[in-house]
1. Going by what's in this entry, would residue 243 be described as open to solvent by 50 Å² or more (accessible area, probe 1.4 Å), modelled with pLDDT of 85 or more and touching a Lys or Arg at 6+ places or on another chain (Cβ under 9 Å)?
2. If we keep just the residues of region 290-318 that are polar (S, T, N, Q) and open to solvent by 20 Å² or more (accessible area, probe 1.4 Å), which is nearest to residue 84 (Cα to Cα)?
3. Any idea which of 119, 96 is among the acidic types (Asp, Glu) and within 17 Å of residue 300 (Cα to Cα)?
4. Would you kindly identify the helices (runs of 4 or more DSSP H) lying entirely within region 46-161 that contain at least 3 residues that are open to solvent by less than 10 Å² (accessible area, probe 1.4 Å)?
5. In region 260-289, which residues are crowded, with 19+ Cβ neighbours inside 10 Å and assigned to a loop (DSSP other than H, G, I, E, B)?
6. Quick one: what pairs do we get from region 132-156, first residue touching a residue at least 40 places away in the same chain (Cβ under 8 Å) and within 20 Å of residue 384 (Cα to Cα), second of a type in the set (D, E, K, R) and open to solvent by 10 Å² or more (accessible area, probe 1.4 Å), C-beta under 7 Å, 6+ apart or different chains?
7. Check residue 82 against each of (1) touching a helix residue (DSSP H, G or I) at 6+ places or on another chain (Cβ under 9 Å); (2) in contact (Cβ under 8 Å) with a residue 40 or more places away in the chain; (3) under 25 Å from residue 284 (Cα atoms) and name the one condition it does not meet.
8. How many of the residues in region 287-323 are of a type in the set (A, V, I, L, M), within 14 Å of the chain's Cα centre (by Cα) and closer than 10 Å to residue 154 by Cα?
Amino acid sequence: MSISRRQQLQDEESPILNGNQHVGEHTSLLTKGRRQAGSAWNTTYNFLSLNYCNVLLPIVPIALIVGKLNVNPIAIFVLNFLAIIPLASLLSDATEELAEHVGHTLGGLLNATFGNATELIISIFALIKGEIRIVQASMLGSILSNLLLVLGMCFFFGGIRHKEQTFNNTAASTMASLMAVASASLIIPAALYQTLAFTKEPSFDSVLQLSHYTAIVILILYLMYIYFQFYSHHHFFTEPGGDEHQHPEVLTRNQAAAVLLLATVVVSFCADNLVDTIDNLVDAAGLSKTFIGLILIPIVGNAAEHVSSVVVAMENKMNLAVNIALGSGLQIALLVTPLLVILGWIIGQPMSLYFQTFETVVFFVSVLVANYLIQDGKSNYLEGAMLLGISQVKQLYRYFIIAVSFYVYPDSAVGNSLGPQ
């Protein structure tokens, strides 16, 4: 066969060969695409499986649509209330995922910053709209729910599975002592308020000024605590042997950051809807703003965290369980509350550290009870029952007693001659 004839045959076969090559490349791309889609699905499924609260995620778009349509206010409140629960879970899980990628110290700071992001977002919207009663009640409610409800459940359910559990009482006592300082930051403005009420020219400005400066001092104290916890005395806050309840990394750093940003934005929309309907809920259901802020709103932001702390307590990891319960309440008392006071100072809202006398007493007694129960570094189910209110030993304030007391506490008791109504 001549060279020219062979070249002609090769030219005739080349389209077929090229076509087969293109088909192979197309098949390879399809396979790669399916593999990437399968990987994305597995990643999403594994991440959402981290917390049972995520089963409520389908409610989120419904809540946003109902809020946009401005239909029944009670329906808007209930749907957005339920929608924030899984969003708070996503915020918490995404923060932990991101913390896994940035190292222990920076990861600890991320957890300390975003640990109560949901309560902060809801409170910011409420503060901007002048709902100071809701803001103060939600702050106090978050602290009490962690200090009594969560810690009590950890002691109770952990004590049922294990006869007696131990934890690092040095770390727990440090956090409890800081909580006592936080209670003092409420008692002193309350004492000043009562003193000014009997002066010839009573003014709330002095209470506001004291609150502003006290908030700055508390923030500085919180920064020192962060350094103490994550750097200088880190060993106090870890499980023996370094077991810190870490789950396998599911998301990449960019994916975790994207989820954190998206969840924060959606929470802000739901929080806006929630705050807008509080007045309607008060009129329709007969609930007080104090009860809504102190009992209902803390459930929204802390549901996922509550479950996690009880689970690790039942696994006999009491250092971690106590750190979650006390650490979250401490973050509200020493970071979120003073930040809101300073924000109110900036935007011209009279947000202060003066809480009603009844609330201040409840907070102080709760801190006192918690300090007594953790000082020996041991826990059992009876101590958990004492915190929860299942047992009436010593007739001290318990969480459920407090919940009932604030249910019957009228908003009319909040009115005063000095401060905002």
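The values are calculated or read from the model by the stated rules, or taken from the named source; none is laboratory data. These numbers come from a predicted model, not from an experiment. Every residue, glycine among them, receives a Cβ derived from its backbone with ideal geometry; neighbour counts consider all protein chains shown. Side chains included, ligands, DNA and RNA excluded: accessible areas come from the protein's heavy atoms. Shrake-Rupley method; radii C 1.70, N 1.55, O 1.52, S 1.80 Å.
1. no
2. The qualifying residue nearest to residue 84 (Cα to Cα) is 308.
3. 119
4. 73-102, 117-128, 132-144, 151-161
5. 277, 288, listed by residue number.
6. Short answer, once both residue conditions are applied: 155/383.
7. Answer for residue 82: the failing condition is (2).
8. Going through region 287-323 one residue at a time, the tally reaches 1.
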